[in-house]
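First the structure, in the form of structure tokens, and then the observations on it.
Any read-out appearing in this document is the output of simple, stated calculations on the displayed coordinates, not a laboratory observation. Fair warning: this is a prediction, and the values are worked out from it, not measured in the lab. In this analysis, Cβ positions are derived from the backbone assuming ideal geometry, glycine residues included, and neighbour counts consider all displayed protein chains.
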Amino acid sequence: MTHSNLFNTGTITRFLIEEQRRLNVDAGVSSPTGSFTALVNDVRLACKRIATLIGKGALANALGDAGTVNVQGETQMKLDVLANEIFVRTNEWGGQLAGMLSEEQDQPYAIPEAYPRGRYLLLFDPLDGSSNIDVNVSVGSIFSVLKCPEGVRDPTEADYLQPGSAQVCAGYAIYGPATMLVLSTGRGVNGFTLDREIGEFMLTHPNLRVPETTSEFAINTSNSRHWEPAVRRYVNECLAGQSGPRGTDFNMRWIASLVAETHRILMRGGVFMYPRDRKEPARAGRLRLLYEANPIGYLIEQAGGRASTGYGPILDVVPESLHQRISFVFGARSEVERIERYHRDHNEFELDVPLFAERGLFTTHT
């Protein structure tokens with residue numbers, strides 16, 4: 001980086017202060033309170049600490065199973081537990097929060113009485129994709145910020161059950177070859193890269209947009225035998241390539257890290273699917289609504305893409321429980337709308353076309 005580029009690239013702190021000023025002008029407030037800026041700066045610090053820990057790998061004795069399970073019944077990795085602790089301890093004391101909700105904890109985390117209370121709620125997945133840690137594949141942290149209802153000092157479960165459209169900020173950190181923090185405060189999406197020499201996130205990817213067209217899709221094909229007809233139809237059409245109805249050769253991707261999948265789609269396009277299927281009919285999906293699907297959906301929508309349950313906008317869903325699971329489809333708007341259309345028009349019967357019925361790669365034969 002040249003000296004001119006160094007001084008022309010804004011830090012995340014400068015970006016947040018300028019965003020706060022714009023929000024205050026829009027709201028008719030004469031001077032910034034700084035509470036929101038301080039909150040996001042605390043999240044930034046938590047992500048820096050997690051990035052440092054992950055970067056040490058086995059040197060920090062932080063790899064492998066923790067020997068415990070979380071509220072989801074999933075085996076926790078050591079880094080799941082450590083990343084959760086980092087998020088909690090970094091954000092509990094500053095006075096910006098009324099409470100926190102984590103994937104790794106059954107109930108919301110109450111701010112200790114020793115610390116002041118704030119007006120926001122922080123929801124987070126401290127380490128998404130932790131099953132990839134031991135093989136050194138990119139993982140990340142996901143966060144969502146909601147306003148605590150007016151006058152509430154000790155929020156209850158019901159106070160967290162707000163639709164994704166109510167978010168005031170959302171983002172993720174990705175811990176890969178470079179550490180990046182990608183976030184939105186409701187005015188588009190911006191990406192910041194951690195400069196390890198100065199210890200600060202610098203604005204490197206302003207105004208990120210999901211490309212309108214794509215030839216990539218991501219889905220876990222090990223579940224193909226359980227897919228609904230709408231999903232099977234969409235995937236088989238993509239696999240048919242130039243000779244099929246789409247007239248395009250598609251590539252299939254699957255990283256098993258929601259953050260990594262999202263980052264790829266923001267950078268070069270695509271569509272991601274983790275749909276409801278017939279494997280567990282009573283379960284609406286795999287991913288968690290409040291601290292996975294909603295914040296990622298918010299980012300994608302702010303970047304001009306579409307985020308959906310497969311049937312309609314995910315940000316319109318009113319949550320029913322803290323750790324509610326849901327089907328999730330997001331990416332290029334036209335592709336997601338096509339999947340929604342297939343769920344609406346072609347989900348009660350198998351596609352009756354020989355290419356996709358008898359020779360389709362993921363067709364179940366009887």
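Observations, loosely collected:
- For segment 325-342, the Karplus equation 6.51 cos²θ - 1.76 cosθ + 1.60, evaluated at θ = phi - 60°, returns couplings of 9, 7, 6, 9, 9, 8, x, 4, 4, 5, 5, 5, 5, 5, 5, 4, 5, 5 Hz by residue, with Gly and Pro reported as x.
- Computed FRET value (nearest 0.05) for Glu157 with Ala284, which takes r as the C-beta separation and R₀ as 25 Å: 0.85
- Kirkwood Rh, Cα atoms: Rg over Rh of segment 160-260: 1.07
- Under a model in which nothing but the beta-carbon of Lys, Arg (+1) and Asp, Glu (-1) is charged, segment 216-357 shows a dipole of about 300 debye around its Cα centre.
- Relative to the longest principal axis of the Cα atoms of the chain, the long axis of helix 258-268 lies at roughly 80 degrees.
- With the convex hull of the Cα atoms taken as the outline of segment 216-357, the averaged projected area works out to 8.2 nm².
- Using the alpha-carbon positions of the chain, Rg (one decimal) and Dmax (whole number) come out as 21.0, 69 Å.
- Listing Met252, Met202 from fewest to most neighbouring C-beta atoms within 10 Å gives Met252, Met202.
- Charge dipole of the chain about the Cα centre (unit charges at C-beta), most positive-ward option of Thr68, Tyr160, Gly94: Gly94
- Cα centre as origin, Lys/Arg/Asp/Glu Cβ charges: the chain dipole, Debye: 620 debye
- For segment 3-205, the calculated P(r) over all alpha carbon pairs, in 10 Å bins from 0 to the bin holding the longest distance, is 8, 33, 36, 18, 4, 0 percent.
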